[in-house]
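Inspection log for the structure reproduced underneath, given as C-alpha cells.
Each value in this text was obtained by applying a stated rule to the coordinates, not by laboratory testing. Here the structure is a predicted model, which means the values were calculated and not measured. Because the Cβ atoms are built from the backbone with ideal geometry, glycine has one as well, and the counts that use them run over all protein chains shown.
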Amino acid sequence: MSFNVLFIYPNFRGETLVPPGVTLLSRILKNNGFVVDVFDTTDYGLDLAKDYEKLTEETLGVRPSPHRKLKNTERDVWVDLNDKINSFQPNIIAMSCTESTFLLGVEVVKHIKHRDSRDMPVVLGGSFATFAPARALDFVEIDMVIIGEGEKSLLELCQRMERGDSWRSVAGIAFRDRCGAFHQNPPQPPVNLDDNPTDFDLGLFDPERLVRPMAGRLYRMAPVETIRGCVFHCNFCNSRNTGSRKKSMAKVREELLYYKSVHHVEYNFFWADTFLMMSSRELDEFCEMYRDVGLPFWVQTRIETVTDWRLQRLKEVGLHRVAFGIENGDEKFRQKVVLKEFSNAEAVRALEITAAMGVTYNTNNMVGYPHETREIATETIELNRRFPKVDTTNCFTFTPYYGTPARDVAVRAGFMSHDVIAPGNAEDSILTMPQFPKDEIRKLRKTFALYVKFPKSRWPDIRRAEEETPEGNVLLRGLQAEYRAEFFGEPKISF
C-alpha cells in the first residue's frame, strides 16, 4: 500500500515561478518510493488584490506583458481541493509557505473537510516555518514544522510515518505536545548540494506554470540554484550571515541541460541573491560550462561584485538582464541602518559599467523602513535618477519579516505588534510611524518610477497624482500611460 504525500502550494495569482524547493523535495520523495501530488492555488483568484505581478506592473516596476493571458480558472477552489483530497487520499500534507503566503495556507487547510490530524497531519516548511516555528504552531491547522533545509527532515518524517514509528525525534522538526508546550529538535546537518537529485520534479506542476513574463515577453523559465546562504548582513533579510555553499559547475550544468531537454526551458533564472559571489576562476568555469546551455539568463547581484570584465564574460554566454538591490539612496541611512555599505558613487559606477556593457538592468528599492522619512526616501529617487539607461525601478514596501533585525527595530520602536504576520512587499506598510504615515508610503511607492524617469519640471504634477482623489487618480493614470508609451512601448510574445 502506497504512502501518499500531497504538497499544498498556497500562492497568489501572478506569482508564477515554479517553487524549486517543492520540486526538489518531490523528486527526493519519489526517488524513495513515495507517491506525490500537488494542489497549487496559483491559477485561482483567491485574492486578486494580492496579484503581485499585476501590482508591480501597475506601479511601473515591470514592463507590460501578455501574462494576463496565462492560465487561470474560475473553478471553485474549495471544491477542487476536496476533490483532490478525496481522490488522492494523502497520508500527510506538506505545505511550503513564505510569511506572506502563510495565512493563505492556513485558509486552505481550514477548507479540507473532515481532516483528522492523526490520519492526515500537516507539516509546514519554508521561510516562515524556519524563522517563526512557534508562531506557526499557534495555528491549529499546523501540526509540525520543518526548520531550515527540508531534504533530510521531510524524507525521514515520511519514512517513519510509513513504518508507523514515532516521528517526534526527527532532526529539524518542531511541534507542540498535547499540553501545548513547544518542542524544537536539533537541526539537520547542512546538505551537500551536489548530493541532491538533478531532475527537479518540474512536471509536478502544470506545464504552463513554467511560462513567466520577463521584460515584457513570455518565456518558459526555470529557477536554478547555484548557491545557498549569504555572507552579507542586510538588516531587512532573514538569510543574512548564513554562510555560503555552492553547487559544483558540473552539477549545475547537468541540471540546466535537463531543464532544456526535458522541459524545453528557454530562459534561466539564477535565483541567488548575489550571483557574482564567486572568484574569477569560478566565473571562468561557469562561462565555459554555460556555453553548452546556450540560453539567455537573468541574475541578481550586489553592486560590489560588478566589474566590466565580469559582465563582459557573462554577456558573451547569454546574460540578458541583471537586478541590483539598491534599497535606499540616502548613503548614511543605507550604510548605518539598512547595513548595505556601498557608497552612492560605487553604485553609480557599477551601473555605468553595466550600461556601457549593453546589459539591461533594473533596480530594486524599498520605502517605509523603520525611522525612514519622506526626505530620506526622496534620496532613493535621486540616486536612481543618476543611473544611466536603467530599464525599470522597482519600489517595494519595507516588510518586517520574522528573523530580521529590522523587524526587531520596528517592534521596539512601537511601530508594530510583536506577533504580526507580514504581508507581501507589494502591499501597504504595516508599520505605524508618525514621521512617515502608511498613506504617504503607499503614495510614494506608486509614483516612484514617475519621479525617477520624468524631468523634475513634472514633479508638481506627480505630487498631485499621489492624492487619492478622483482628480488625482485621473492624473495618475494619464502619467502612467505616458510613461508606458515613452519608456516601454508595446509588449511582445516570444513564442
Review point. Working out 0.36 nm times the residue gap between R412 and S166, then minus their Cα-Cα distance, what length gain in nm do you get to one decimal?
Key: 84.5 nm
Study note, to complete from the structure: The exposure ranking of H233, H263, fewest beta-carbon neighbours within 10 Å first, is H233, H263
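What is the local net charge at A406, summed over the other residues whose Cβ is closer than 14 Å to its Cβ (Lys, Arg +1; Asp, Glu -1)?
Details: positive: R240, R334, K336, K340, R407, R412; negative: E99, E327, E372, D408.
With Lys, Arg at +1 and Asp, Glu at -1, the neighbours total +2.
What does the charge count near M249 come to, summing +1 for each Lys or Arg and -1 for each Asp or Glu among other residues with Cβ under 11 Å from its Cβ? Don't jump to the answer; show the numbers that get you there.
Values: positive: K246, K247, K251, R253, R281; negative: D194, E254, E255, E282, D284, E285, E288, D292.
Local charge sum for M249: -3.
Given the chain, what whole percent of its Cα pairs are spread farther than 33 Å?
Details: 49296 of 122265 pairs.
Across the chain, Cα pairs with separations above 33 Å total 40 percent.
Out of every Cα-Cα pair in the range 300-382, what percent are more than 15 Å apart? Mind dumping the intermediate values first?
Numbers: 1911 of 3403 pairs.
In whole percent, the share of Cα-Cα pairs in the range 300-382 beyond 15 Å is 56.
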Practice item. Write down the radius of gyration of the range 220-308 and its Dmax, each obtained from C-alpha positions, in Å. Key: 13.6, 40
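Between rounded, prolate and oblate, where does the range 215-488 land on the alpha carbon gyration tensor, with a ≥ b ≥ c its root eigenvalues, rounded for a/c under 1.5, else prolate if a/b exceeds b/c? Intermediate results must be reported in sequence, preceding the final value.
Values: a/c = 1.90, a/b = 1.44, b/c = 1.31.
The shape class here is prolate.
Compute, for the range 395-472, the length of the dipole vector about the Cα centre, with Cβ point charges of +1 (Lys, Arg) and -1 (Asp, Glu) only. Units Debye, rounded to 20. Could the numbers behind the result be given before it?
On the way: 12 positive and 11 negative charges, 77 e Å.
It comes to approximately 360 debye.
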Point to revise | Spin-label pair T198/R464, simplified geometry with 7 Å Cα→Cβ offset, distance in nm | key: 6.2
Exercise for review: Specify the angular offset, from 0 to 90 degrees and rounded to the nearest 10, of the alpha carbon long axis of helix 438-453 from the longest principal axis of the alpha carbons in the chain.
Suggested key: 60
Exercise for review: Tell me which residues come under 5 Å, amide H to amide H, from G368 once H is placed; ignore anything under 5 positions away on its chain.
Suggested key: F398
Exercise for review: Name all residues of the range 392-413 having a backbone nitrogen under 15 Å from the label point set 7 Å from the Cα of Q184 along its Cα→Cβ direction, giving them as ranges.
Suggested key: 402-405
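Place a +1 charge on the Cβ of each Lys and Arg in the range 248-345 and a -1 charge on the Cβ of each Asp and Glu, then give the dipole magnitude about the Cα centre in debye, rounded to the nearest 20. Let's see the in-between values first.
On the way: 14 positive and 16 negative charges, 29 e Å.
Taking the Cα centre of the range 248-345 as origin, the dipole is about 140 debye.
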Revision key, fill the gap. Dividing the helical contributions, -39500 (n - 2.57) per DSSP H run of n ≥ 4, by the residues of the chain yields a 222 nm value, nearest 500 deg cm²/dmol, of -10500 deg cm²/dmol
Practice item. Return the sequence-ordered ³J(HN,Hα) values of the range 477-484 in whole Hz as given by the Karplus equation 6.51 cos²θ - 1.76 cosθ + 1.60 applied to θ = phi - 60°, using x for Gly and Pro. Key: 4, x, 5, 5, 5, 4, 4, 4
Review point. By residue number, which cysteines of the chain lack any other Cys whose Cβ falls under 4.7 Å from their Cβ?
Key: C97, C158, C179, C230, C287, C395
Review point. Relative to the Cα centre, what is the charge dipole magnitude of the chain, using +1 at the beta carbon of each Lys and Arg, -1 at the beta carbon of each Asp and Glu, and rounding to the nearest 20 debye?
Key: 620
Check your understanding: How many percent of the alpha carbon pairs in the range 387-495 exceed a separation of 26 Å?
Key -> 34
